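The values are calculated or read from the model by the stated rules, or taken from the named source; none is laboratory data. Small disclaimer: the values here were computed from a predicted structure and weren't measured. Cβ: placed from backbone, ideal geometry, glycine included. Neighbour counts: every protein chain shown. The accessibility values were calculated without ligands, DNA or RNA, using every heavy atom of the protein model including side chains. Shrake-Rupley method; radii C 1.70, N 1.55, O 1.52, S 1.80 Å.
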Amino acid sequence: MYSAGNGPAMRAPNIGACLHGDPAALAAATAAATRITHRDPRADDGALVIALATAHAARRGAAV
(Lines give C-alpha, C1' and ligand atoms only; values in the text may rest on other atoms or scores of the structure.)
Protein backbone atom coordinates (compact mmCIF):
# COMPACT_ATOMS: atom_id res chain seq x y z
CA MET A 1 0.00 0.00 0.00
CA TYR A 2 1.20 3.46 -0.83
CA SER A 3 1.64 6.15 1.77
CA ALA A 4 2.19 9.83 1.06
CA GLY A 5 2.42 11.25 4.57
CA ASN A 6 4.63 14.11 5.68
CA GLY A 7 7.61 12.22 7.14
CA PRO A 8 9.81 12.67 4.07
CA ALA A 9 8.85 16.34 3.88
CA MET A 10 10.02 16.79 7.45
CA ARG A 11 13.41 15.20 6.72
CA ALA A 12 13.99 16.92 3.37
CA PRO A 13 15.06 20.39 4.61
CA ASN A 14 17.99 18.93 6.54
CA ILE A 15 19.14 17.06 3.47
CA GLY A 16 18.81 20.14 1.27
CA ALA A 17 20.75 22.31 3.70
CA CYS A 18 23.56 19.80 4.12
CA LEU A 19 23.93 18.74 0.49
CA HIS A 20 23.14 22.00 -1.29
CA GLY A 21 26.42 21.87 -3.20
CA ASP A 22 25.90 18.40 -4.69
CA PRO A 23 22.57 17.99 -6.52
CA ALA A 24 23.13 14.30 -7.32
CA ALA A 25 23.88 13.44 -3.70
CA LEU A 26 20.93 15.55 -2.58
CA ALA A 27 18.56 13.64 -4.86
CA ALA A 28 19.95 10.27 -3.81
CA ALA A 29 19.82 11.07 -0.10
CA THR A 30 16.30 12.44 -0.36
CA ALA A 31 15.12 9.30 -2.17
CA ALA A 32 16.78 7.05 0.40
CA ALA A 33 15.34 8.99 3.32
CA THR A 34 11.88 8.91 1.75
CA ARG A 35 11.90 5.18 1.14
CA ILE A 36 12.54 4.49 4.81
CA THR A 37 8.86 5.08 5.49
CA HIS A 38 7.08 5.77 2.19
CA ARG A 39 6.68 4.02 -1.15
CA ASP A 40 4.30 6.43 -2.90
CA PRO A 41 6.04 8.29 -5.77
CA ARG A 42 4.30 11.49 -4.62
CA ALA A 43 6.27 11.31 -1.39
CA ASP A 44 9.53 11.17 -3.40
CA ASP A 45 8.48 14.11 -5.54
CA GLY A 46 7.32 16.25 -2.64
CA ALA A 47 10.41 15.60 -0.54
CA LEU A 48 12.70 16.39 -3.47
CA VAL A 49 10.94 19.70 -4.11
CA ILE A 50 11.39 20.69 -0.48
CA ALA A 51 15.03 19.59 -0.41
CA LEU A 52 15.75 21.55 -3.60
CA ALA A 53 14.02 24.66 -2.27
CA THR A 54 16.05 24.46 0.93
CA ALA A 55 19.25 23.92 -1.07
CA HIS A 56 18.46 27.00 -3.14
CA ALA A 57 17.94 29.05 0.02
CA ALA A 58 21.18 27.73 1.50
CA ARG A 59 23.13 28.66 -1.63
CA ARG A 60 21.65 32.15 -1.56
CA GLY A 61 22.57 32.65 2.08
CA ALA A 62 19.01 32.74 3.38
CA ALA A 63 18.29 31.72 6.93
CA VAL A 64 17.35 28.05 6.78
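Given points 7 Å out from each Cα along the Cα-Cβ axis, report the Asp45 to Ala24 separation in nanometres with one decimal.
In this crude label model, Asp45 to Ala24 measures out at 2.6 nm.
What angle do you read, to the nearest 10 degrees and between 0 and 90, between the alpha-carbon axis of helix 7-18 and the longest principal axis of the chain?
Once rounded, one gets 30 degrees.
At a threshold of 8 angstrom on Cα-Cα distance, excluding pairs fewer than six apart, so keeping six or more, what relative contact order does region 14-64 reach in percent?
Relative contact order here is 49 percent.
Using a 1.4 angstrom probe on heavy atoms only, work out the carbon and sulfur share of the accessible area of the chain in %.
Here carbon and sulfur together make up 62 percent of the probe-accessible area.
If a/c stays under 1.5 just call it rounded; otherwise compare a/b with b/c (prolate if a/b is bigger, oblate if not). Do that for the chain, with a ≥ b ≥ c from the square roots of the Cα gyration tensor eigenvalues.
prolate
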